[in-house]
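Below you'll find the structure, written out as structure tokens, and then a few comments.
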């Protein structure tokens, strides 16, 4: 915090992410006008603000314009709670939920999925660090999926409407694994994501192998 002494009063305002809780950050970012942000933080009215130089205050608050993804990722919330080093060891259901939470820019829910902690009262430096730690892992997972699980679609499959399966989203994966391994859908959702990925990878490799093998046999005839 940085303290300002004026003729009217002495007050302090935050000048780093460490000085703001995430709840306070949300309140400030819902205020579009920098002047209104200053009024909220200092409790000064329009007349009082007009009697002081607010430029130093605005400079102190300039950190609010920083991109949160520049904050160094960290795996701790406090001394008692940590974010998993490998979120893939947790359930497939959590992976599905965290992708949705990040897509919705729901920072509190993203962290809560892997910590069970509501971080709204924690300082922004730790909150954004936790969020970046998780989102970096999710980005790696999605990149790995796009590179290793992509499959070719034939012209005939396109004509038959294979894209209709996309409407089912993750249910396709859950239902296929449930049928193949005699699980309930709920049991599949609780499997570790890393295991689900290996199942999908093996299925993808097997399908490509069978396609290539069929072509080899056909060419021998």
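No value in this document is a laboratory result; all are computed from the given coordinates. Bear in mind that the values here come from a model prediction, so they are computed numbers and not experimental data. Cβ atoms come from the backbone with ideal geometry, glycine included; neighbour counts cover every protein chain shown.
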Gained length - residue 103 relative to residue 214, 0.36 nm times residue gap less alpha-carbon distance: 35.9 nm
Mean ellipticity per residue at 222 nm, deg cm²/dmol - from DSSP H runs of n ≥ 4 across the chain, formula -39500 (n - 2.57): -17000 deg cm²/dmol
Fully extended contour minus Cα-Cα distance, from residue 86 to residue 48, at 0.36 nm per residue: 8.5 nm
Normalised contact order of the chain, rounded percent, pairs of Cα under 8 Å and 6 or more residues apart: 22 percent
Fully extended contour minus Cα-Cα distance, from residue 121 to residue 194, at 0.36 nm per residue: 23.1 nm
Estimated inter-spin distance, residue 144 and residue 75, nm [label 7 Å along Cα→Cβ]: 1.4 nm
Per-pair calculated FRET efficiency, R0 = 22 Å: residue 66 and residue 8 via Cβ, rounded to 0.05: 0.15
Rg/Rg_ref, the chain, where Rg_ref = 2.2 N^0.38 Å and atoms are Cα: 1.49
Gyration tensor (alpha-carbon) shape descriptor, region 72-126, a/c threshold 1.5: oblate
